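Written out below as structure tokens is the structure these notes cover.
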Amino acid sequence: MAKKRRKRRGKKRLLKLDLWLWISSILILAIAASFWSQTTIFKPAPPTQQDQIKAQRVAWINELAPYARQMQEQYGVIASISIAQAILESDWHTSVLSTQYNNLYGIKADVGQKSVVLPTQEFENGEWLTIQGRFAAYDSWQQSMRAHAELLYHGTSWNAAQYQHVLAAKDYQTAATALTKDGYATDPTYAEKLVNIIQTWHLSRFDVPQK
């Protein structure tokens, strides 16, 4: 009888050993699978050129936004309009006028003002013409943004109330239309382009609530 008990104990030990080896194997496989999935399957793809461009544009918008809000509080120019015009006029801060002369808005120079002459396009008599324009040159983009707000607020030297409809606007759609009506740009689709930029990039979130 003693021999049979030893055999049974031996079998139990073998079963326990087999069970432990089986559990250990499962754990090792699970750890290996987890490591493989993290390093192989879920490895993030590198950012594309389009992703990088979008990130740069978002960063530039966020840089302009606080000052645009400040200009709205001081001069009444809706912040989203100010930012959208900077984007459109400077082609996302890539134009020579913007990158080298800090003029984000294509503002023409007054007599005696620091300036630069560059080619520009104007829409006249139903067609686009390339002309040479004398544009203001600024020391910083903030100076350019303030000059833009002051231009809309004070008007031109020949018409102080030229942009009154822009200042009276309570929303960016009305202000965009008023810019064309008041003669800021000759492009017949100028307002449509501004509204599209504002809506695409959700720029209205930067507008100071109107009272």
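Quick look at the numbers
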{"quantity": "Spans of helices (runs of 4 or more DSSP H) in the stretch 136-182 with at least 2 residues of a type in the set (D, E, K, R) and assigned by TED's automatic domain parsing to the domain that holds VAL117", "calculated": "141-154"}
{"quantity": "Top-ranked residue in the stretch 168-211 [being β-branched (Val, Ile, Thr) and exposed (fewer than 13 other Cβ atoms within 10 Å of the Cβ); ranked as nearest to GLU89 (Cα to Cα)]", "calculated": "THR189"}
{"quantity": "Residue match in the stretch 152-164 (condition: touching a residue at least 60 places away in the same chain (Cβ under 8 Å), polar (S, T, N, Q) and either surrounded by 19 or more Cβ atoms within 10 Å (Cβ to Cβ) or over 28 Å from LYS54 (Cα atoms) (or both))", "calculated": "no"}
{"quantity": "Qualifying positions in the stretch 71-105 - under 20 Å from the mean Cα position of the chain (by Cα), among the small types (Gly, Ala, Ser) and not in a helix (DSSP H, G or I)", "calculated": "SER95"}
{"quantity": "Criterion: touching a helix residue (DSSP H, G or I) at 6+ places or on another chain (Cβ under 8 Å) and under 23 Å from GLU63 (Cα atoms) - qualifying residue of LEU167, LEU118, LEU151, LEU194", "calculated": "LEU194"}
{"quantity": "From THR130, THR180, THR186, residue being touching a strand residue (DSSP E or B) at 6+ places or on another chain (Cβ under 6 Å), polar (S, T, N, Q), farther than 12 Å from ILE78 by Cα and without any contact (Cβ under 8 Å) to a residue 12 or more places away in the chain", "calculated": "THR130"}
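The values are calculated or read from the model by the stated rules, or taken from the named source; none is laboratory data. Note that this is a predicted model, so its numbers are computed, not measured. Reconstructed Cβ throughout: ideal geometry from the backbone, glycine too, with neighbour counts over all protein chains shown.
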